[in-house]
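J.: Below is a structure I'd like to ask you about.
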Number of protein chains: 2
Amino acid sequence: MSAEILEKKKTLDLRKKHIGPSCKIFFSHDPIKIVRARGQYMYDEKGQRYLDCINNVAHVGHCHPDVVKAGAEQMELLNTNSRFLHDNLVLYAQRLQATLPNKLSVCYFVNSGSEANDLALRLALQYTGHKDIITLENAYHGHVSSLIDISPYKFHHLSDVEQNQFVHVAPSPDVYRGKYRADHPNPAKAYADDVKDIIGRVHEKGGKIAAFTAESLQSCGGQVIPPPGYFQQVAEHVRQAGGVFIADEVQVGFGRVGTHFWAFQLQGADFVPDIVTMGKPIGNGHPMSCVVTTKEVAEAFALSGMEYFNTFGGNPVSCAIGLAVLDVIVKEDLQGNALRVGQYLTELLEKQKEKHPLIGDVRGRGLFVGMELVKDRLKLTPATAENAEYFLFCRRLKEQYILLSADGPHRNVLKFKPPLCFTSEDADLVVEKIDHILTGVSMTLPLNQKHPRELKNPEQVFGPKLSCVRLDHLF
Amino acid sequence: MSAEILEKKKTLDLRKKHIGPSCKIFFSHDPIKIVRARGQYMYDEKGQRYLDCINNVAHVGHCHPDVVKAGAEQMELLNTNSRFLHDNLVLYAQRLQATLPNKLSVCYFVNSGSEANDLALRLALQYTGHKDIITLENAYHGHVSSLIDISPYKFHHLSDVEQNQFVHVAPSPDVYRGKYRADHPNPAKAYADDVKDIIGRVHEKGGKIAAFTAESLQSCGGQVIPPPGYFQQVAEHVRQAGGVFIADEVQVGFGRVGTHFWAFQLQGADFVPDIVTMGKPIGNGHPMSCVVTTKEVAEAFALSGMEYFNTFGGNPVSCAIGLAVLDVIVKEDLQGNALRVGQYLTELLEKQKEKHPLIGDVRGRGLFVGMELVKDRLKLTPATAENAEYFLFCRRLKEQYILLSADGPHRNVLKFKPPLCFTSEDADLVVEKIDHILTGVSMTLPLNQKHPRELKNPEQVFGPKLSCVRLDHLF
């Protein structure tokens, strides 16, 4: 199956007919048809190149030849379930373990971040015998039923009755916009104390904490970087209550943060979660994921007597691909590249912040960077990239052949999470385009003063296509 | 990554150290290390060939070259998420749709049967606004939390308190061992009336039925073939109550039953489910799955406002592989082969039944065949293949290099579900071995009379290794 077969319009028509309307498309008013990709670049049906700043799944670069080769060779040889012995499975488990603190030694291979996070919950419930879960505000942990229950990003619009009564939401440890900010003397302790308070309230009602679960850095929640020490203190409170700490590394693991292989390690060497879930980048796009936990948790889970069998999980092809991804990260020093290029990108964006009042905050670790847009730096009024008619940021970038997305509760955080082979030249390019767009905005649209409806001729700023279309389903 | 790298003992040691103990292995006392496979054959590290009668996932044959080629070529070109337009996605959806009744026209691509069945529940709950689910006795629908709730195969040993109160279990429509048997004047109606009664009891308690869910033929439940007309009558009762009918084709779809492409079609052309879930064979081992439903259900799901995004689901590689699998089924007439060879195998097994009183029932459709072992044909006392010390059936077959498994609530149903390229010679071979084993048993062990503990020298029958080892975790 190669490149384009159908006219773009036909593709779109068939998609409307046969794909669930809940499955959204990027830039729905003018979607992109991508037919090939390599490294940090994607190409449409006309051969136009896009710089990819968003596909964190294509971790070591789209279609990396080493990964493709490993997958293709193993597909030809054997692809079967893990009820047969196979070296790829155990070698891969051993390699993953070597990246983690010693006590995290037992793996379960599954197919997606959602399967991983669901299994993590099952492990926690079985190990503790408890039922209550604490999750973070704006968190997203996956799309299966049990995870929508613990994902305020998904369930926030549901009524109280529809929400799971065993799930409790703690404030997001966001020191820019959250409850305790950078000017707070000890935001880590303050946020952790909020978790402690929740535990107290759960106990008062006769509940018992099974787990606290959080992404090591919140991604969909708005590229939030918790203050160091927060996880340690939360873990202390949670373990005191008999619960476990689940670190969700599905979006942020595998060297993306640059200084460390796992984002939870940013909190300090003294922090070790009880369960770690991995996903998206693990197979560079191949459907695979993993849960790693301690021997104690794994043994308690086995004591239930219920077998855990996952048809595709840990098959020789997935493991061959997983091993190849780890090899490439080392061979090409992609973790080092994430650190260097991430730092460079962050510096460039910091300079943009000095220049453009719309940029309220730049925060990041390695090639996980967020740029938060505000209409007012004191009030932090979000400059929402998704809905505002006057601010079609990502769409403007797309017209410059740059793929960037926005997220967070107000959809005002631009998220940089490119393949780790992203270069400083790529950083220059995307920042140059951002500068150009923001300069256009600030020249013609004094902040806090004018709304595009007030502009006599908004096309001057945005061009005819962009001036009047509401940007639905951009992300 | 090719063939064997570690000594078998080292593989086993690493597995014990790094893989969750809940993940069971075939023949745990002497596991097999498989290093390559082709068609219906698997090969261990010494080059020994095994005839594979169990891997229904390797649907068109292990490592089919067309499927491998499609996957490898697409991996090299592009593998990304479904937020970009791609022809593979829509062409595959269109091709799948063409195998189904017209009204089943909207697809959601996911990564596993579990993700598919979880999404099916979400669709049903959202569409109906109801909460109660009816599932079948001994059913297995997957390993994520929501599916363990509807899988008595998994939850049967849990206490009532641990079971989901919205889940109601209907009798398995098993006309051999079930509540209404072959001698009943109308078992289809009788079993369907039981579902109707459950609906009545749910209504009395103020509940409302969201869905009835069943495998079109129960697999783990013991290769159960519901009497024709059962689904139609159940669907009528369920729809009357405002619920939907979910047909789980994860194990039995894609031409395995021979006469039809989908097993639910065995019930008659007048039966159309509201939701169909697909899995295992869909990608010949590649992690992918699908949910197909009606436009009405899909639109109701979208109305919730909650996006459905699945990171890997529907990626171009999965869809290329899915298309190749469909092509091979047609090109090699594998559905026809399933019909012909399945019929031949069933006839051979029927003859074995005439010869060996241990065989209580032979039932099957195409290459989905069950052979139920009983100690007494009148009382139907199960001759349990898994636990009985005297009856290590699958293990004996494995020593003859035949892979077969047993399942069902009593673990006494031998399950034939080989790759669809299985030949009549393969059928001859496995039945010859079965005959040989059963002849040994019946010669030395008069049924209903002797237990191996009473035998002076059980090694005469089973050889030294088999006479005294309890067969744990065989399946």
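J.: Can you order the peptides B:90-103, A:409-422 by their average number of other Cβ atoms within 10 Å per residue, highest first?
T.: Ranking the peptides B:90-103, A:409-422 by packing returns A:409-422, B:90-103.
J.: Using 25 Å as the Cα-Cα cut-off, could you pick out the over-long pairs in A:K9/A:K280; A:K33/B:K69; A:K355/A:K415; A:K295/B:K24; A:K69/B:K398?
T.: Those over the limit are A:K9/A:K280; A:K69/B:K398.
J.: How many Cβ atoms of partner chains, on average, are near each residue of B:42-55 if near means within 10 Å of its Cβ?
T.: Mean inter-chain Cβ contacts per residue within 10 Å come to 1.
J.: Let me ask something else. What gaps in nm, shortest first, separate B:E4 from its twins in the other copies when you place the label 7 Å past Cα toward the beta carbon?
T.: Ordered by distance, the counterparts are at 5.2 nm.
J.: Between copies, how close do the B:N102 label points come, placed 7 Å along Cα→Cβ, listed in nm from shortest?
T.: Spelled out, the distances from B:N102's label point are 6.8 nm.
J.: What whole-number value in Å² describes the accessible area per residue of the stretch A:65-331 for a 1.4 Å probe?
T.: That works out to 31 Å² per residue.
J.: Which whole-Hz couplings ³J(HN,Hα) result when phi for each residue of the stretch A:287-300 is put into the Karplus expression 6.51 cos²θ - 1.76 cosθ + 1.60, θ = phi - 60°, listed in order with x for Gly and Pro?
T.: Karplus values, whole Hz, x for Gly and Pro: x, 7, 7, 8, 10, 10, 8, 8, 4, 4, 5, 5, 5, 4.
J.: What total accessible surface area, summed over both chains, is buried at the interface between chains B and A, computed with a 1.4 Å probe and given in Å² to the nearest 100?
T.: Counting both chains, the buried surface is close to 9100 Å².
J.: Report the accessible area of A:T381, computed with a 1.4 Å probe over the heavy atoms of all protein chains in place, in Å² rounded to the nearest 10.
T.: Roll a 1.4 Å probe over it and A:T381 shows about 50 Å².
J.: Expressed in nm², what is the orientationally averaged projection area of the convex hull enclosing the Cα positions of the stretch B:65-331?
T.: 14.5
J.: Per residue of B:311-319, count partner chain C-beta atoms within 10 Å of its C-beta, then hand back the mean as an integer.
T.: Partner Cβ neighbours, averaged per residue: 6.
J.: Below 8 Å, C-alpha to C-alpha, sequence gap of six or more: please give me the relative contact order for the stretch B:65-331 in percent.
T.: Reported relative contact order: 30 percent.
J.: Among DSSP bridges having both ends in the protein assembly as shown, what percentage is antiparallel? Round to the nearest 5.
T.: 65
J.: Quantify how strongly other chains surround peptide A:138-146 by giving the mean number of their Cβ atoms within 10 Å of each of its Cβ atoms.
T.: What the average comes to for A:138-146 is 5.
J.: How about the stretch A:304-407: which trypsin sites (Lys or Arg not before Pro) there are in a DSSP loop, with at most 12 other Cβ atoms within 10 Å of their Cβ?
T.: A:K379
J.: Let me ask something additional. To the nearest 20 debye, what charge dipole does the stretch A:188-229 have about its Cα centre, counting +1 at the Cβ of each Lys and Arg and -1 at the Cβ of each Asp and Glu?
T.: 140
J.: I would also like to ask the following. From the label point of B:T439, set 7 Å along Cα to the beta carbon, how far off in nm is each other copy's matching point, shortest first?
T.: Copy-to-copy label distances for B:T439: 9.0 nm.
J.: Which of the aspartates and glutamates could be linked to A:K10 by a straight reach, that is with a Cα gap under 15 Å, when you skip same-chain ones fewer than 8 residues away?
T.: Here the aspartates and glutamates satisfying the reach criterion relative to A:K10 are A:D30, A:E45, B:D87.
J.: List the residues whose amide H sits under 5 Å from the amide H of A:I34, counting only those 5 or more places along or on another chain, with H placed 1.01 Å from N in the peptide plane.
T.: Amide H to amide H, under 5 Å and 5 or more residues apart or across chains, A:I34 pairs with B:L85.
J.: To the nearest 20 debye, what charge dipole does the stretch B:65-331 have about its Cα centre, counting +1 at the Cβ of each Lys and Arg and -1 at the Cβ of each Asp and Glu?
T.: Charge dipole of the stretch B:65-331: 200 debye, to the nearest 20.
J.: Same structure, new question: Whenever you get a sec, compute what percent of the accessible area on the stretch A:65-331 sits on carbon and sulfur atoms (1.4 Å probe).
T.: The nonpolar share, carbon plus sulfur, comes to 52 percent.
J.: What does the accessible area of B:F254 come to, in Å² to the nearest 10, when a probe of 1.4 Å is used?
T.: 0
J.: Now for a separate question. Net charge near A:P65: determine it from the other residues with C-beta under 11 Å of the C-beta of A:P65, scoring Lys and Arg +1 and Asp and Glu -1.
T.: Neighbourhood net charge equals 0.
J.: Another one. Under 11 Å from the Cβ of A:F155, count the other residues' Cβ atoms, weight Lys and Arg +1, Asp and Glu -1, and hand me the total.
T.: Here the count lands on -2.
J.: Compare each residue of the stretch A:83-103 in its chain alone against the assembly with all protein chains, and report those whose accessible area goes down by 10 Å² or more; 1.4 Å probe, heavy atoms.
T.: A:R83, A:F84, A:L85, A:H86, A:D87, A:N88, A:L89, A:V90, A:L91, A:A93, A:Q94, A:Q97
J.: Further, regarding this structure: So, counting K/R as plus one and D/E as minus one, what does the shell of residues with Cβ under 12 Å around A:V341 add up to?
T.: -3
J.: Sticking with this one: Can you return the aspartates and glutamates within cross-link range of A:K375? Criterion is Cα-Cα under 18 Å, with same-chain partners fewer than 8 residues away left out.
T.: Straight-distance partners of A:K375: A:E350, A:E354, A:D361, A:E386, A:E389, A:D407, A:D435, A:E454.
J.: When a/c is below 1.5 the answer is rounded, else prolate if a/b is larger than b/c, else oblate, so apply that to chain A with a ≥ b ≥ c taken from the square roots of the Cα gyration tensor eigenvalues.
T.: oblate
The values are calculated or read from the model by the stated rules, or taken from the named source; none is laboratory data. Quick caveat, the model's predicted, so the values are computed rather than measured. Every residue, glycine among them, receives a Cβ derived from its backbone with ideal geometry; neighbour counts consider all protein chains shown. Ligands, DNA and RNA are stripped out before the accessible areas are found, and what is left, the full protein with its side chains, is counted by its heavy atoms. Shrake-Rupley method; radii C 1.70, N 1.55, O 1.52, S 1.80 Å.
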